[in-house]
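Enquirer: Here it is, the structure, as structure tokens.
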Amino acid sequence: MRLYVSLGMIKLKVLPVISLSALLLVQPLYSKAVSFPPDTVTATPHNKKLLLLGAGFTAGYTALLVSLNEAWYAEQERTNFHFFNDNREWLQVDKVGHFWGAFHESRAGIDVLRWAGVPEKKAIWYGGLLGIVLQTPIEVFDGYQADYGASAGDLVANTVGSASVIAQELAWQEIRIMPKYSFHTTPYAAARPNVLGSSLGEQALKDYNGQTYWLSVNVGDFLKPESKYPKWLSLALGYGAEGVVYHPERTNRAAGFEARRQYYLSPDLNLLHFRGRSKLLNTALYVLSIVKVPAPALEYNREDGFRMHALYF
């Protein structure tokens, strides 16, 4: 489900905003602790820190939901709670976006609880559920809207995103496969700017034709310690779509657009490998780690077959 917050003339997609906010809030907390591997620290909970986190989270998220209700839902017709099947829309790029957002919200939740001294297993399980906790109320709100409803696909994507963080932390005590995002402008936004965005900022959030989501694999983390493979060099698998402007598909074709899926293979940088003593640097690397760096990429789609991009973002 595409959900937008209208504040004056600004429309922001809720999921990326919450995800980025979670990452920004966890900093500089995380930067203070990056030198302490989670599996070598005996955690001692700090009640004051936990109280601060709990109060701040409750107040902040409650305010967000109240603002969301007033700014978006208050003017819409409401009905009994129901589900709306949007799983065929946007060639599921929006669902991958939900996975990406929930993953990084949960990742931030784990790191915040580590900072607060919560024991490792509890930090992983409780913090790892943050993506689900943040996104589920929004789906509940959607469920009462007459024009659409709650999306089971969104709920599944959110759950898988959070579960992926928990699974990696339990298995490896670190993130070895990092979901990332990249964006480039497309001509499709001009065909439907009210939906796909009229400004660069709106298009980065709304135009699924220009969004690519990646799984960036830190190859060096899977090799033996004595391996000479550079730990900073990752390999990324990407997924995106093109030609998706209208729904359903027959309407899209009638308007002259042909939707197709795109698959990518590209080198990437493991930015967290470059962490050091600088809190500012660590903060920047932590936040930027959700974004795929521009790099050469091999694309495959059913229309063109294989295509090489000298620099893709």
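The values are calculated or read from the model by the stated rules, or taken from the named source; none is laboratory data. Please read all numbers here as calculations on a predicted model, not as lab measurements. No Cβ is skipped: glycine too gets one built from the backbone with ideal geometry, and neighbour counts run over all protein chains shown.
Enquirer: Please list, ordered by first then second residue, the pairs with beta carbon atoms under 8 Å, 6 or more apart or interchain, first in region 191-202 and surrounded by 14 or more Cβ atoms within 10 Å (Cβ to Cβ), second among the polar types (S, T, N, Q).
Expert: Final answer for the pair search is Leu196/Gln203; Leu196/Asn209; Gly197/Gln203.
Enquirer: A further question follows. Tell me, which residue of region 263-295 that is polar (S, T, N, Q) and not in a helix (DSSP H, G or I) is modelled with the lowest pLDDT?
Expert: Only one residue fits best here, namely Ser278.
Enquirer: Pairs needed: first member in region 273-297, within 20 Å of Pro179 (Cβ to Cβ); second member anywhere, buried (at least 20 other Cβ atoms within 10 Å of the Cβ) and of a type in the set (Lys, Arg); C-beta distance under 9 Å; at least 6 residues apart or different chains.
Expert: Note: pairs meeting the criteria are Ser289/Lys180; Ile290/Arg107; Ile290/Lys180; Val291/Lys180; Lys292/Lys180; Val293/Lys180.
Enquirer: Counting just the residues of region 206-232 that are in contact with a Pro (Cβ under 8 Å, 6 or more places away or on another chain) and within 13 Å of Leu272 (Cβ to Cβ), which one comes out surrounded by the most Cβ atoms within 10 Å (Cβ to Cβ)?
Expert: Filtering region 206-232 for residues that are in contact with a Pro (Cβ under 8 Å, 6 or more places away or on another chain) and within 13 Å of Leu272 (Cβ to Cβ), the one surrounded by the most Cβ atoms within 10 Å (Cβ to Cβ) comes out as Ser216.
Enquirer: Give the residues of region 33-62 that are modelled with pLDDT of 75 or more and surrounded by 13 or more Cβ atoms within 10 Å (Cβ to Cβ), sorted by residue number.
Expert: Within region 33-62, Lys49, Leu50, Leu53, Phe57, Tyr61 qualify.
Enquirer: Continuing with the same structure: Please find, among Trp100, Trp90, the residue that is at positive phi, touching a residue at least 12 places away in the same chain (Cβ under 8 Å) and not acidic (Asp, Glu).
Expert: Trp90
Enquirer: Here's another thing I want to ask about it. Answer yes if at least one residue in region 253-262 is of a type outside the set (Phe, Trp, Tyr), more than 24 Å from Phe313 (Cβ to Cβ), without any contact (Cβ under 8 Å) to a residue 12 or more places away in the chain and not in a loop (DSSP other than H, G, I, E, B), and no otherwise. Steps first, please.
Expert: Residues of region 253-262 that are of a type outside the set (Phe, Trp, Tyr), as a first pass: 253-256, 258-262.
Restricting the remaining residues to those that are more than 24 Å from Phe313 (Cβ to Cβ) gives 253-256.
Cutting the leftovers down to without any contact (Cβ under 8 Å) to a residue 12 or more places away in the chain gives us 253-254, 256.
Subset that is not in a loop (DSSP other than H, G, I, E, B): 253-254.
Yes: region 253-262 contains one or more residues that are of a type outside the set (Phe, Trp, Tyr), more than 24 Å from Phe313 (Cβ to Cβ), without any contact (Cβ under 8 Å) to a residue 12 or more places away in the chain and not in a loop (DSSP other than H, G, I, E, B).
Enquirer: Criterion first (more than 30 Å from Ala241 (Cα to Cα) and loosely packed, with under 14 Cβ neighbours inside 10 Å) does Phe81 satisfy it?
Expert: Judged against the criteria, Phe81 is a match.
Enquirer: Which numbered condition in (1) exposed (fewer than 13 other Cβ atoms within 10 Å of the Cβ); (2) in contact with a helix residue (DSSP H, G or I) (Cβ under 8 Å, 6 or more places away or on another chain); (3) farther than 30 Å from Asp86 by Cα is the only one that Met308 fails?
Expert: (2)
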